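Student: I have a structure here, written as structure tokens, and I will follow up with some questions on it.
The values are calculated or read from the model by the stated rules, or taken from the named source; none is laboratory data. Everything numeric here is computed off the predicted structure, so don't read it as measured data. Glycine gets a Cβ as well: all are built from the backbone with ideal geometry, and neighbour counts include every protein chain shown. We work out accessible area using only protein heavy atoms, side chains counted, and drop any ligands, DNA or RNA first. Shrake-Rupley method; radii C 1.70, N 1.55, O 1.52, S 1.80 Å.
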Amino acid sequence: MQYFSTNHKSSPVSFRNAVLNGQPDDKGLYFPTTIAKLADDVIGKFKTQSNEDIAFEVIKPYVGGDISDNDLHDICRSTVSFDFPLVKITENITALELFHGPTLAFKDVGAKFMSQCLGHFSDKASKKTVVIVATSGDTGGAVANGFYGAEGVDVVILYPKGRVSRIQELQLTTLGHNVITLEVHGTFDDCQAIAKTALADESLKKNAFLTSANSINVARWLPQQFYYWIAYKNWEGQLPVISVPSGNFGNVTAGMIAAAAGLPVDGFIAASNANDVVPRYFVTGNLEPKPTIPTISNAMDVGNPSNFVRMLELFENSVSENIKDFTAVSITDQETTDTMKRVFDENGYILDPHGAVAFLALERHISNRPGSQGIFLETAHPVKFDSVKEILGTFGEVPSSVAELETKEKHSIEINADYGSVKELLLNKIL
Ligand SMILES: *Cc1c(COP(=O)(O)O)cnc(C)c1O
């Protein structure tokens, strides 16, 4: 499989190079030259296959021959090594819980797959690999966990001091070994700016191969198809509409790729919070990036969604013929909070703020379509967001991994939000 740049200036590259480069030089995004359509008999077999076999079948065409079948199978096995249950909430709304992985968020799937691909490819390189990530909470934990213990790879995480939740901070700071965590006196935007400067700094690249692990990398994006197919395997009844809480729109576009490949689905809803650049696009026809608005579903606080160009590519290539219906909506914080309270009171289910955005969007959508069924993606465990306890008075059942985290020691390096200090530290500590 070759990957072209959505800006069409850089030349197409293999899966390996798309993973190692992350982003094409022309600043577009990599996109597969063809969608790997799955034959009906292959899809039929998914109903009785293991999750790892499904994952392997789905991703193999996108990897081409760059990883042997054996190794790819191993990578798939450890990527989907946890549960993806469907939990019925109301008569016609079901949650697809994606928070049973190591850091209790769906990003574990992409991060795990990507880290193993990068580990696989960098085995053969002569320099060590340093992964630099800025995080507002969820990404950093998933990436750190994915790369934890990987040979020849060091991970540097930058997070804004005092602005991530307690559990997120513990997930970021208690791993140690090859994971170095910088607690930055500044905002997420400061962290991101520092990470970008470091990645572009030639003087850091002499002794190491520097890379980011952000969501635009195809090795993080494409494996997100896995759980849509796993949901299909476990789903019975009429075709569902799928509602996806969206920030950078990587998750929903992965679902759309799966649909283009043959996933039976009635339609998609991309549910945004107050950061409504994409819903507005579908009204006005113009994409107008805006400064980020802080909300309680903060992992979706994105003012300029990077995967939007992939969404356009999907629509323009008419690979979306399988997507009967696509809607993008925006939900306010007040509506999110009200939904969390109502669903807790009426159905006894604890939504995290991101899942709540998708739930309400879905509920509204199917209320006009009597008899239809829907699935929403519950993208993170409620315990990761301090607001859940403030709103509902409880986190519900807390996974045992969280109690274990509480016993661990925090290791972070506090640092000012200026590139000079970070560079000095990188040169002294790692490079
Ligand atoms: C990252 C994230 C999202 C948004 O996913 P995108 O692929 O960026 O649209 C939604 N919910 C949670 C909990 C997240 O961490």
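Student: Decide, for region 3-113, between rounded, prolate and oblate: order the square roots of the alpha carbon gyration tensor eigenvalues as a ≥ b ≥ c, take rounded if a/c falls under 1.5, and otherwise choose prolate if a/b is larger than b/c, else oblate.
Tutor: Prolate, since a/c reaches 1.5 and a/b exceeds b/c.
Student: OK, next. Counting Lys and Arg as +1 and Asp and Glu as -1, each charge on the Cβ, what is the dipole of the chain about the Cα centre in debye, to the nearest 20?
Tutor: So the magnitude is around 740 debye.
Student: Whole Å is fine, so just give me how far the alpha carbon centre of region 1-63 lies from that of region 169-189.
Tutor: Comparing the Cα centres of region 1-63 and region 169-189, I get a distance of 31 Å.
Student: Take every DSSP beta bridge with both residues inside the chain and express the antiparallel ones as a percent of the total, to the nearest 5.
Tutor: The antiparallel proportion sits near 20 percent.
Student: Skipping prolines and chain starts, which residues have an amide H placed within reach, meaning under 5 Å, of the one on Ser212, given they are 5 or more residues away or on another chain?
Tutor: It is Ile132, by chain and number.
Student: Something else now. So between Arg166 and Lys408, what do we pick up on full extension, going 0.36 nm a residue minus the alpha carbon distance?
Tutor: Difference between extended and current length: 85.9 nm.
Student: Excluding same-chain residues fewer than 8 positions from Lys45, which lysines have a Cα within less than 20 Å of its Cα?
Tutor: Reachable lysines: Lys37, Lys60, Lys233.
Student: Here's another thing I want to ask about it. Could you pull out every residue, at least 5 positions away or on a different chain, whose amide H is within less than 5 Å of the one on Ser330? Hs are placed 1.01 Å off N in the peptide plane, and Pro or chain starts have none.
Tutor: Ser272
Student: Rounded to the nearest percent, how much of the accessible area of the chain (1.4 Å probe, protein heavy atoms only) is carbon and sulfur?
Tutor: About 47 percent, which is the carbon plus sulfur part of the accessible surface.
Student: What ³J(HN,Hα) values, in whole Hz, does the Karplus curve 6.51 cos²θ - 1.76 cosθ + 1.60 give for region 89-96 when θ = phi - 60°, with x put for Gly and Pro?
Tutor: 3J(HN,Hα) across region 89-96, in whole Hz: 9, 10, 3, 10, 10, 10, 8, 9.
Student: How high is the relative contact order of the chain, given as a whole-number percent (alpha carbon pairs under 8 Å, six or more residues apart)?
Tutor: 18 percent
Student: In addition: For region 141-153, take each phi angle, set θ = phi - 60°, evaluate the Karplus expression 6.51 cos²θ - 1.76 cosθ + 1.60, and give the result in whole Hz per residue in order, putting x for glycine and proline.
Tutor: x, 5, 5, 4, 5, x, 9, 4, x, 5, 6, x, 10
Student: Could you work out [θ]222 nm for the chain from helices alone, using -39500 (n - 2.57) per DSSP H run of at least four and dividing by all its residues? Round to the nearest 500 deg cm²/dmol. Walk me through the numbers on the way to the answer.
Tutor: On the way: 18 runs with 182 residues, N = 431.
Rounded to the nearest 500, it is -12500 deg cm²/dmol.
Student: Also, I was wondering about something else. Relative contact order of region 261-364: what whole-number percent is it, with Cα pairs under 8 angstrom and at least 6 residues apart?
Tutor: Averaging sequence separation for qualifying contacts and normalising by length gives 36 percent for region 261-364.
Student: Here is a further query. What lysines sit close enough to Lys205 to cross-link, taking a C-alpha to C-alpha distance under 28 Å and skipping anything fewer than 8 places away on the same chain?
Tutor: Excluding near neighbours in sequence, the set is Lys9, Lys27, Lys107, Lys112, Lys124, Lys127, Lys128, Lys161, Lys196, Lys423, Lys429.
Student: Something else now. Could you name the aspartates and glutamates in cross-link range of Lys410, using Cα to Cα under 16 Å and dropping any fewer than eight places away on the same chain?
Tutor: Cα-Cα hits under 16 Å: Glu169, Glu183.
Student: Positive end of the charge dipole of the chain (Lys, Arg +1 and Asp, Glu -1 on Cβ, about the Cα centre): tell me which of Phe268, His354, Ser136 has its Cα farthest that way.
Tutor: The Cα lying farthest towards the positive end belongs to Ser136.
Student: With θ taken as phi - 60° and the coefficients 6.51, -1.76 and 1.60, list the Karplus ³J(HN,Hα) couplings across region 242-258 in order, rounded to whole Hz; mark glycine and proline as x.
Tutor: 10, 10, 10, x, 10, x, 8, 6, x, 5, 5, 5, 5, x, 5, 4, 4
Student: Sort out for me the Cα centre separation of region 107-161 from region 388-403, rounded to whole Å.
Tutor: 27 Å
Student: Can you tally the net charge around Asp138? Count Lys and Arg as +1, Asp and Glu as -1, for every other residue whose Cβ sits under 10 Å from the Cβ of Asp138.
Tutor: Local charge sum for Asp138: +1.
Student: Is any residue of region 223-265 close enough, with backbone N under 20 Å, to a label point placed 7 angstrom from the Cα of Asn368 along the Cα-Cβ axis, and if so, which?
Tutor: Zone members listed by number: 239-246.
Student: With label points built 7 Å along Cα→Cβ from the Cα atoms of Thr197 and Lys341, find their separation and express it in nm.
Tutor: 4.4 nm
Student: Given just the C-alpha atoms of the chain, how large is their convex hull per residue in cubic angstrom? Walk me through the numbers before you get to the answer.
Tutor: On the way: hull volume 58.6 nm³, N = 431.
Here the figure is 136 Å³ per residue.
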